[in-house]
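Have a look at the structure below before the remarks.
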Amino acid sequence: MQQKKEKLQVSGSQKTDKSYQGTKKARNSDNKTSRTLDNQASRTSDRKNSRTRQSRVKNKSPGFKGKPSEGKHTSGKSAGYKGSQDLVPAKKKNVQRFEYEDNKIFWCEKCNLPLIGEKCGICGSKGEVLQLSQPADVRFCSPYEQEIIDRQLHSAFGCNPLGDKLILLNKIPGEDKTDEVLVNGFIFGILRFELSKMDYSFEPSLQGAKILLKHAKSRKVELKKTKRHLNGKNVTAESVEAFDSNIKAGDFVLVTAGSLTGYGVSLVDGADFSGLKNLPEPENRTELESSSGARTKVESSTGTGTKVLRIRKIDSSEALLRPETLDLAACIEANKKHLQVLGKNAINTIRGIISRKEYKNLPVYVSFSGGKDSLVVLDLARASLKQRELKAFFLNTGIEFPETVEFVRNFCREREISLIEANAGSTFWEQVGKFGPPAKDFRWCCKVCKLASAGDFDTQKEASSRKGNSDVAYLTIDGKRKHESFSRARIAASETNPFVPAQLNIFPIRDWKAIEVWLYIHWRQLSYNPLYDLGFERVGCWLCPSALAAEYARVKDLHPEMYAKWNAFLLEWAKSRGLSEKFVEHGFWRWKELPPKMLKLAKELEISVLAREKTEDFEIEVVSGISPCRAGGYSIEAAVKGIREKEAASFINVLGNTIYAEDLGMLLVKTGTGTVKFFSNGNLLASSETKEKAVSLFKEAAKQFTRLSRCTGCGICVKACPVGAASLEGKMPHVSEACIRCGKCTESCVVTRYFDKLVPDLDQKLKV
């Protein structure tokens, strides 16, 4: 019976629901030729191919613990305040989420100022604890963000009672840019960027609503006085005294009910409310309807009893804004002693590591990206190394903001700091056609544009610097912080870089929050990247998929020509895969595999996320099923397109001892677990003694063939090879017989790192 084959295609787009089935029949291998080459192959000792040797660094950061995720956030001082209760989150796996124990700052009630330590440096009083939602990376509100808040408050409520008050923003998990707005030591509300409308919205807290009600000109709803419990309840039209006509369904509204004040969400448009209000009322109607509907009579035929409002929070408490409007200078004075301690501890961290015997003669660099964290680290390093040479190292990816490049160069020139700039040039634009747009779960750009350049920098070091008690050739002081994201929560004081083997990274401000970074910058009067004042929380590549959509929208305003170039590529890429312009507009391109929140958004906006399969030059057609061999063991067959056996012969030695018989049109690789045979007609055969080993061997072979076909010529694998077996011939990788199969070149390769994204559903196609 003819065996069925399934095409295993290197994917440059979203996964489709349908498996693509090939119709070509793979030819059987020539047994006689196989036996001939088997006899020619020399015996080799068993080696486990492509073994992952990267070790995890144990967490050394204090104040850190792991807890199962329960989807909860630590609330601030705003009593009883919760986020969007109406939103039903997608089901999540019960995964381990890390939580920070140092998730608080303090607030001086007397001076009305935030404190990073318990005691105020102005009045000497003890500050009140202000708990922060995770990851607790609170910061000062930038001028642009203040404009956004002002615009949102005036647009929604016709007022902005915050005025010129000192505002803090604390980022929290959300669809996109989502921040708690903190003022006077409590949460005033939440500022969100909504992907559905690609614009901001503001949700007041209970205290925020009470303050807004004293000034608001719109979005107000007055209920009839009642003694019933209202929190979390749905209110019907006949229970409403007044309903502003400018209200739209879904708007957050300010609510009063006698002496009670609070906020809720409108379920109808204000323009439609009068029509609902004037409908005839049935007898014995119920005044209020609970969210469950258990105590309510609803007359749907007449329209009465229609829900018009859902109450979020309402009570009889009072909330006031204190009149004091203190500036940043007062905030610095209140925190000066705490800043001095932070700086001293960071300097001691730097000196403690660089002074070790094995490191004391190594060159020291500061990774200077142009961001706020690396700026602080550069200043601290200069204070630490007054008797030792220090250089700043800037990785220019070629897709940096012009403001960033200008700032880095100007700052170093003005401060007379030696600057080394590694420039990736047009590398990104040369490779984006091959890999497609980078994604949050497919960040090939970082390796191609950053690590390749870092590796070039590494090769400039003198070989003698590698000798001694350590493999480290140079030290790099880096501004990475654990509060930036949950993924960085476990960074230690120092770590080696697996992709740049000779580098030891030192993280002296790993425990700092963003507010501490900014206080230090203003205290030391350091000039900083102007992008922070223009709406960017973090500074990086301007088209980075990990950036917020809210920040990407700013690129269009600040650099329309750059935005137009990238948007044109995205639209053409999407069109070639049958995806709509809306797919690009709402940022779906930023994921290879869409998370639940984006799938939910796609359904809401009726945007198709199923890409049309695009034929690539390179593909593998897998013969479905794992076949038992006559001579014993198991084999997997496939047909490979886009690679010739002669090209593979100079590279596939990475798998095992290789014999290439050009006259026989066959390539044989003997590994510690089995054999791989590749024929001139494109057939690929992986054989081993067990099914499990056959599958593992085939996957490794498929990975290496994919690596060969997608090679960018970045040269990272060459630098990672400890024995000099890897090289580039033109832009094609070559592996010599000196290869010891340690797997380091595979670990460092951007293609193999994202193999599961490039070749999706491999297990399914192998029927395992």
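The values are calculated or read from the model by the stated rules, or taken from the named source; none is laboratory data. Note that the structure is a prediction, hence the values are computed from the model and not measured. FYI the Cβ positions are ideal-geometry reconstructions off the backbone, even for glycines, and counts take in every protein chain you see. Only protein heavy atoms, including side chains, enter the accessible area calculation; ligands, DNA and RNA are left aside. Shrake-Rupley method; radii C 1.70, N 1.55, O 1.52, S 1.80 Å.
Measuring between alpha carbons in the structure, the pairs from Lys592/Lys699; Lys480/Lys719; Lys372/Lys513 lying more than 19 angstrom apart are Lys592/Lys699; Lys480/Lys719.
Taking only the C-alpha atoms of the stretch 559-605, Rg followed by Dmax gives 11.5, 33 Å. For the stretch 328-536, the share of accessible area belonging to carbon and sulfur comes to 44 percent (1.4 Å probe, ligands and nucleic acids excluded). Which trypsin sites (Lys or Arg not before Pro) in the stretch 185-271 pass both tests, a DSSP loop state and at most 10 other beta-carbon atoms within 10 Å? Filter output for the stretch 185-271: Lys197, Lys227. The spread of Cα positions in the stretch 127-221, taken along each principal axis and listed from longest to shortest, comes to 36, 35, 26 Å.
Rg then Dmax, both in Å and based on the Cα atoms of the stretch 328-536: 17.5, 54.
Residue order by solvent-accessible surface for Ser709, Ser205 is Ser709, Ser205, largest first, with ligands and nucleic acids left out and a 1.4 Å probe.
Using only Cα atoms, what is the ratio of the radius of gyration of the stretch 619-766 to 2.2 N^0.38 Å?
Numbers: Rg = 14.6 Å, N = 148, 2.2 N^0.38 = 14.7 Å.
Working it through for the stretch 619-766, the quotient is 0.99.
For the stretch 654-758, state which GluC sites (Glu not before Pro) are in a DSSP loop and have at most 16 other beta carbons lying within 10 Å of their beta carbon.
Answer by residue number: Glu689, Glu737.
Inter-part distance, the stretch 151-196 to the stretch 237-279, computed on C-alpha centroids, equals 23 Å.
Using heavy atoms of the protein chains and a probe of 1.4 Å, the accessible area assigned to Thr476 is about 10 Å².
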